[in-house]
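First up is the structure itself, then whatever we jot down about it.
What follows is calculated from the coordinates using simple rules that are stated; it is not laboratory data. Computed from a predicted structure; not experimentally measured. All Cβ positions, even for glycine, are placed from backbone atoms using ideal geometry, and neighbour counts span all protein chains on display.
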Amino acid sequence: MQEFNKFIGLDVHKSTIAISIAPEDGGEVRYFGEIKNTKEALTNFANKISQGSLKLSFCYEAGGCGYEVYRHLRNIGHDCMVVAPSLIPKKAGQRVKTDRRDSLNLARLHRAGELTGVWVPDAMNEALRDLTRAREDMKHLQRQAKQRLLAFLLRHGWTYSGKSNWTKDHFNWLETVKFQHAGQQIVFQEYVDTVKYCGKRVESVTQQIEVCSRESACWPVIESLMALKGIDLITAATIMAEIGDLTRFDSAPKLMSYLGLVPSEHSSGSSVRRGGITKTGNSHVRRVLVEAAWTYRFPARKTAHTQKRAKVTTEAVQEISWNAQKRLCQRYKELNANGKIKVQTCTAIARELAGFVWAIGQTVPLKQSANAQ
């Protein structure tokens, strides 16, 4: 394990960074002060404290300022950790929070080894993550636009008699809708145009996700994950963009715990109490896995669509995919027969699906060329 001369806690904000320093010998942690949140200010501080030879280890909480501080400190030769905020030890009775106290606490805990770091993506993986999250935001805006259009039509007595909304026939029907008042017709047209615009934005981002996925080091794993039933390009790209290298998890249960898909527990003595899932960790991956779990309510079957996607993968991946289908479809049937609520059943299936995702991640390596960067 590498030894450091000083441990430095940073409380990073948009304009400023509060800094505290903890010496390695267990001495008193001191507050250095605030500097501007610029690369030049960080470099000057690091050069001043290191004096050219001392080894420094920085840490700061993951947040809205992203990973630019981390990358800059690593580029100039210093160690840095981005800390998971939810896993920082806190005193129950502490009610005062300031930038100074936060930086002092980070430096103290960093020296003691009590902090848990988050996985920091490289530039390509972060770009893929931004795309998948942007698509999620676009889909949210699209849903809102659709709901407002349908609510407007319902208020004025217009209802579609076809099978489902947002099909070609539904859009054709929308073109026949007319209102007596010119103002209402304008409102209606604006709602329709908004729905179509949001749809174009979703389609555009989806295309870019495919391009970025193929260029990413994670593409071999993304392509292999698509062999699993219920996992398409968007789901696979989201999983890999948010998690990264699956081999960093020693076991499938650790991945399930990381995604917050394991039951919560509050036990003491002989009393054992388990509740719903913890919902900790990455909510984006948890959401797409639960959505994928719904497809396992149907019997296991090798369709032409799944066969086409599995054809480009290895025999080991195809075997994992088929085993996943057989187990999870049967599991869904058993849980449903026992009277489980469908939402709870799908959550349980999503937890086990994460295990098969982990298994594929152990089988398929990332691109070697990207790893070397």
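Some points to look at:
- Cross-linked pairs K39/K279; K308/K333; K146/K308; K91/K340: Cα-Cα separations exceed 29 Å for K39/K279; K146/K308; K91/K340.
- The chain: angle of helix 39-50 to the longest principal axis, Cα-based, in degrees nearest 10: 30 degrees
- 26 Å Cα cut-off, lysine pairs counted over region 167-265 (separation 8 or more, or different chains): 6
- Between helix 283-293 and the chain: long-axis angle, C-alpha atoms, 0 to 90°, nearest 10: 30 degrees
- Added length on full extension, which subtracts the Cα-Cα distance from 0.36 nm per residue, K178 to R133: 12.5 nm
- Likely footprinting exposure, I186, I243, fewest C-beta neighbours within 10 Å first: I186, I243
- Annotation: the residues H72, H156, sorted from fewest to most other C-beta atoms within 10 Å of their own C-beta, follow the order H156, H72.
- Aspartates and glutamates whose Cα lies under 16 Å from that of K326, excluding same-chain neighbours fewer than 8 positions away: E334, E352
- Evaluating kT/(6 pi eta Rh) at 20 °C and 1.002 mPa s, with the Kirkwood radius of the chain over Cα pairs in the Stokes-Einstein relation, gives 88 µm² s⁻¹.
- Value in Å of the Kirkwood radius, where region 180-258 supplies the Cα pairs that are averaged: 15.5 Å
- The chain, helix-only ellipticity at 222 nm - DSSP H runs n ≥ 4, -39,500 (n - 2.57), divided by all residues, nearest 500: -17500 deg cm²/dmol
- The chain: relative contact order in percent, alpha carbon pairs under 8 Å with at least 6 residues between: 14 percent
- Legend: Rg and Dmax of region 125-215, from Cα coordinates, 16.2, 53 Å.
- The ranking of I35, I21 by Cβ neighbour count inside 10 Å, starting from the fewest, reads I35, I21.
- Using alpha-carbon coordinates, inclination of helix 233-243 to the longest axis of the chain, degrees: 20 degrees
- When region 219-371 is reduced to its Cα atoms, the Kirkwood hydrodynamic radius in Å: 16.0 Å
- Cα centroid separation, region 166-216 to region 348-367 (Å): 35 Å
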